[in-house]
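Take a look at the structure below.
Where a number appears in this text, it was derived from the coordinates with a stated rule and is not lab data. Predicted model only: the values in this text are computed from it and were never measured. Backbone-built Cβ (ideal geometry, glycine too); neighbour counts: all protein chains shown.
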RNA sequence: GUGGCUGUAGCUCAGCUGGAUAGAGCAUCAGAUUGUGGCUCUGAGGGUCGGGGGUUCGAAUCCCCUCAGCCACCCCA
């Protein structure tokens, strides 16, 4: 109307989102933010401090480390000043740059968490988008096994805090794999072998063995030996003994097994839940840069969705940027996967409001009294929305129902006169009349139980 | 990036081998119901049939291109 030139349908632009990019409406954003808050709280409780870095970096900063694959997936452009620029495709490369640039002031150990959006122009799939969020935590500058142990403990606490205590943290050590490959005389083909090995979760052992022979060129015996790792069964002690045997004569391998042993013992001592940490020699993780312990976390109720928290140790984070050696270890929560899992397990309550209480705007000339009441409730820590117009009560209740409010406060002239308030519990359907009291104190006491 | 499947109202879908004004359920809005949501009834709004081009007297229907989604592969910080 005010823009006649855009009112014809020919001039109108179709509203749409780019492939792999998403809108997040309130009912999606509310559980998402809750999860992020929980991760933040757990990270901070262990002493990890927040950092942020720019979404855009000089292209050479990002491409330096990247494989051809990540190069292909990176969003890049030339800015108005002629600079070659890329969008970060993970939070580890920015961390490496950040650490190389600031480690003098930061000192070590440096523990940081970083929850931020990253971009990859890869093909989309269910649960894989071109814009997504990573929730990393890392410890820089600690070679000792204590950092490996703490990483496992953070994952443990995180999953419990999220309310998903039924999970298995699977642990392996690249040193063990390297030791084994050394013994098999395959050190030169390590990354190809590991890539195939990593498929053991998805493919049958026979197929992986076949791939190792045909693609990587292993002998029958070598392939069987590698795949045999996955067949290892029994408790952690039994597996560790077996691994010790298999890596005999390899110093790296033996060191790796010893480190696993320490992690297992400390995890048990700290949590009292030894069953939730399992040595799994078939966990390889695709990445070349892992050099020590590696972690993957699977939900017992939904293992098929894949690892929801993974990470590992790397000996040289920032070698591209500085001569100073910066060893580190860290992991990343798979936010989207975890949300998908919670959704599938029916753990996500669908609400469109972060606020539990709606105050019906009922008596038109009591507006100021409603404002005062709302303020008292908010000050007492009870989120309260005042309906903006004195519409029909039925319409306001309908709105409250649709948005997912926990309760509606109904006060008309009668209630104001009597100093009372009706609390309508939308979930149960019951209703009670309570005294408001000074500063709404009595009302607050009632509501606290309700919204707890 | 490669291959396959799919795309009709906000959502789930129907719509025959090409035929006239494209339908249903749910959802939305209004009313029944000016101090009480979910249930019921009545009514209304809502469609470039993903988009563009082609074949045809005639296309939601057939063909090509394109965009998007799903699945598999590739890969996986």
| Tell me, how many Å apart are the Cα centres for the range A:117-181 and for the range A:232-310? | 13
| request: Determine the relative contact order of chain A: mean sequence separation of Cα pairs under 8 Å and six or more apart, normalised by residue count, in whole percent. | output: 14
| query | When DSSP assigns beta bridges and you keep just the ones with both residues in chain A, what percent turn out antiparallel, to the nearest 5? | reply | 80
| request: Classify the range A:63-204 as rounded, prolate or oblate from the Cα gyration tensor: take a ≥ b ≥ c as the square roots of its eigenvalues, call it rounded if a/c is under 1.5, otherwise prolate when a/b beats b/c and oblate if not. | output: rounded
| note | The Kirkwood hydrodynamic radius of the range A:192-252, taken as the inverse of the mean 1/r over all distinct Cα pairs, in Å, comes to 12.3
| said: Please report Rg (one decimal) and Dmax (integer) in Å for the Cα set of the range A:300-437. | reply: 24.6, 77
| task | May I ask for the angle, rounded to the nearest 10°, between helix A:367-379 and the longest principal axis of chain A, with both axes built from Cα atoms and the value confined to 0 to 90°? | result | 30
| note | Note on chain A: C-alpha Rg/Rh, Kirkwood Rh, two decimals, gives 1.08
| Using every alpha carbon pair in the range A:12-118, what percent of pairs falls into each 5 Å bin from 0 up to the bin containing the largest distance? | 2, 9, 15, 16, 17, 16, 14, 7, 2, 1, 0, 0
| remark: Dividing the helical contributions, -39500 (n - 2.57) per DSSP H run of n ≥ 4, by the residues of chain A yields a 222 nm value, nearest 500 deg cm²/dmol, of -12500 deg cm²/dmol
| Cα gyration tensor shape of the range A:190-327, rounded if a/c is under 1.5, else prolate or oblate by comparing a/b with b/c | rounded
| More than 15 Å apart - percent of Cα-Cα pairs taken over the range A:89-171 | 69
| field | Rounded Å value of the spacing that divides the Cα centres of the range A:24-50 and the range A:325-367 | value | 9
| remark: A chain fully extended from residue A:364 to residue A:49 at 0.36 nm per residue, minus the present Cα-Cα distance, gains in nm 108.5 nm
| Once both axes come from the Cα atoms, what is the angle between helix A:251-271 and the longest principal axis of chain A, in degrees from 0 to 90, rounded to 10? | 30
| Can you give the Rg to Rh ratio of the range A:357-451, both from alpha-carbon atoms, with Rh computed by the Kirkwood formula? | 0.91
| message | Test of understanding: ordering A:282, A:45 by Cβ neighbours within 10 Å, fewest first, what list do you get? | response | A:45, A:282
| message | As I understand it, the value is the acute angle between the Cα axis of helix A:441-451 and the longest principal axis of the Cα atoms of chain A; what does it come to in degrees, rounded to 10? | response | 40
| query | Is the range A:62-135 best put as rounded, prolate or oblate by its Cα gyration tensor, with a ≥ b ≥ c the root eigenvalues, rounded for a/c under 1.5, and otherwise prolate when a/b is larger than b/c, oblate when not? | reply | oblate
| query | Between residue A:372 and residue A:237, how many nm apart are label points set 7 Å from Cα along the C-beta direction? | reply | 7.1
